[in-house]
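Following: one structure in structure tokens, then a few remarks.
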Amino acid sequence: MLGKEFCWGVSTAAYQVEGGVNEDGRGLSVWDVFAARPGAVKNGDTGATTCDHYRRFPEDIGLMRGLGLGGYRFSVAWPRVQPSGSGPVNAAGLGFYDRLVDGLLEAGIVPLPTLFHWDLPQVLEEAGGWMARETAFRFADYAGVVADCLGDRVPAWVTLNEPFIHMVFGYALGVHAPGRTLMLDAMPTAHHQLLGHGLAAQVLQEHGGQVMIANNLTPVRAASDSDADAAAASAYDALHNRMFLDPLLCGRYPDLTAFGVPPGLGGSVRDGDLEVIAGAPLDGLGVNYYNPTRIAAPTAPGLPFAEAAIEGVPHTAFGWPVVPDGLRELLVALKRDYGHALPPVTVTENGCSTVDVPGEDGAVDDAFRIRYLADHIDALAAAVAEGVDVRGYYTWSLLDNFEWAEGFSQRFGLVHVDFETLRRTPKASYLWYRDLIAAHRARHGR
Ligand code: IFM
């Protein structure tokens, strides 16, 4: 049974929903530059307008109020606040988040801002991006600027969103901004993001805020009982999960020698860094869960693992396997592996893309999403019954939005967005989530 204070929320991110990229002195982000590259994003889509949340946020808060939400996780666009990534603060850009936070509080919704959801100011990318150690210090300065403005009304912050995905897609493979293809040489971006987290966490905690980080985590399953598959699965787990949890929760990096990475991540870890990363203890761990990963031994030289398909389960429109029990498995394993070092957990993202087309009556019947959400929430409740301290569940996402390299082709929202007219239409899943939240509240007399 989920407790009285359990927080039901939705998540979004700035570049995916805001639009308004030229409004009020916002600087360029790496995503503006990347999306302008021919072929980088499906159909040449960009986040220039997307859902126009920048202007339509009062309507979107109305939709959230209609859901009876406890929390809204959004991200702050660093280039709106500091167009050059450091130095002068853009009061008009910061003013948007000031109004957003006030609007949320008026609607009885707790704001949960993420400070970095992949839209680095382009000026910082030109100085090395997250490959440069300096970026960690600029991030902490920026966190202080935002906390000075919003800290009186924001009880908790998420520093980074999915540093693993940002490292791999943005810097190793180049399929996300900034589009660099460094492969294993991208490892320093993991350390610099985590160092930035640690430095920012100190600043945020000095402002009286609680600190979380949102990691994309996956339970890793070996494709067979063979020793080779087990070793490959363990290597993948070290890269995807433990590289971003062990430093935060235990103050050390896992063994990455299977990747040819010497201790100290190729020289990027300096004396004292791990104390900074683990030194401002997390008040909560954000878990973004979408699916488990099945791993086999490599079949070609290069990486020490190969990804294997998960068959016999439904798949989302994106082709991601739907395995709700993977969420229970993941949460229970976190408690088993990290014990008392594990802070309370919040599921900061979970959701699916489906092909959602309004019917003749305008309604969007996304039964697949309802089943997906219901089954994952059941899995979460099962983990709680097994003793995991889970404080909230934020579904991805409130609105259909700009899905990075997939542009507008993947719809994750509880609310359908017509990207021509920007008209919002609550889907069947919106009504279902509203009723779920109302029933939970009624059970707890709230
Ligand atoms: O849209 C993304 C989000 O930005 C980060 N987590 C996964 C979501 C779905 O791909």
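The values are calculated or read from the model by the stated rules, or taken from the named source; none is laboratory data. Everything quoted here is computed from the prediction, not taken from an experiment. All Cβ positions, glycine included, derive from the backbone under ideal geometry; neighbour counts span all protein chains shown.
A single entry from 107, 77, 92 fulfils the requirement of being over 22 Å from the mean Cα position of the chain (by Cα), touching a residue at least 40 places away in the same chain (Cβ under 8 Å) and either more than 26 Å from residue 426 (Cβ to Cβ) or buried (at least 24 other Cβ atoms within 10 Å of the Cβ) (or both): 92. Taking the criterion of being away from the ligand (no atom under 12 Å from the Cβ), surrounded by fewer than 24 Cβ atoms within 10 Å (Cβ to Cβ) and not in a strand (DSSP E or B), the residues of segment 155-174 that qualify are 155, 168, 172, 173, 174. Residues that are over 28 Å from residue 176 (Cβ atoms) number at least 1 in the following strands (runs of 3 or more DSSP E) confined to segment 361-446: 390-396, 424-426. One residue stands out in segment 36-61 among those that are surrounded by fewer than 24 Cβ atoms within 10 Å (Cβ to Cβ) and within 14 Å of the ligand (Cβ to nearest atom): the one that is nearest to residue 72 (Cα to Cα), namely 45.
Note on segment 1-93: enclosed helices (runs of 4 or more DSSP H) holding 2 or more residues that are aliphatic (A, V, I, L, M) are 14-17, 30-35, 53-67. Considering only residues that are farther than 19 Å from residue 83 by Cα and of a type in the set (D, E, K, R), look in segment 145-154 and name the one that is farthest from the ligand (Cβ to nearest atom). Among them, the one singled out is 152. Annotation note: Cβ proximity below 8 Å between a residue of segment 348-376 that is away from the ligand (no atom under 16 Å from the Cβ) and a residue that is assigned to a strand (DSSP E or B) and at pLDDT below 95 (sequence gap 6+ or interchain) occurs for no pair.
Of all residues in segment 400-446, those being more than 19 Å from residue 369 (Cβ to Cβ) and either aliphatic (A, V, I, L, M) or under 18 Å from the mean Cα position of the chain (by Cα) (or both) number 5. For residue 15, the conditions (1) crowded, with 21+ Cβ neighbours inside 10 Å; (2) free of Cβ contacts under 8 Å to residues at least 24 places away in the same chain all hold with the exception of (2).
Considering segment 218-318, the qualifying helices (runs of 4 or more DSSP H), each wholly inside and each with 1 or more residues that are within 16 Å of the ligand (Cβ to nearest atom) and buried (at least 16 other Cβ atoms within 10 Å of the Cβ), run over 227-240.
With respect to being modelled with pLDDT of 95 or more and under 24 Å from residue 392 (Cβ atoms), residue 220 falls outside the description. Criterion applied to 411, 424 was being among the basic types (Lys, Arg) and either surrounded by fewer than 16 Cβ atoms within 10 Å (Cβ to Cβ) or within 16 Å of the ligand (Cβ to nearest atom) (or both), and the one residue passing it is 411.
When each of 147, 201, 190 is tested for being modelled with pLDDT of 95 or more, surrounded by fewer than 23 Cβ atoms within 10 Å (Cβ to Cβ) and not in a loop (DSSP other than H, G, I, E, B), the lone residue that passes is 147.
Collect the residues in segment 319-343 that are away from the ligand (no atom under 16 Å from the Cβ) and surrounded by fewer than 15 Cβ atoms within 10 Å (Cβ to Cβ), keeping them in residue-number order. Listed by number, the residues that qualify are 336, 339, 340.
The listed residues are 210, 193, and the only one of them that is under 15 Å from the mean Cα position of the chain (by Cα) and closer than 26 Å to residue 290 by Cα turns out to be 193. Screening residue 121 against (1) within 28 Å of residue 391 (Cβ to Cβ); (2) in contact with a Pro (Cβ under 6 Å, 6 or more places away or on another chain) leaves a single unmet condition, (1). When 55, 26 are checked against the criterion of being within 18 Å of residue 92 (Cα to Cα) and touching a Lys or Arg at 6+ places or on another chain (Cβ under 7 Å), a single residue qualifies: 26.
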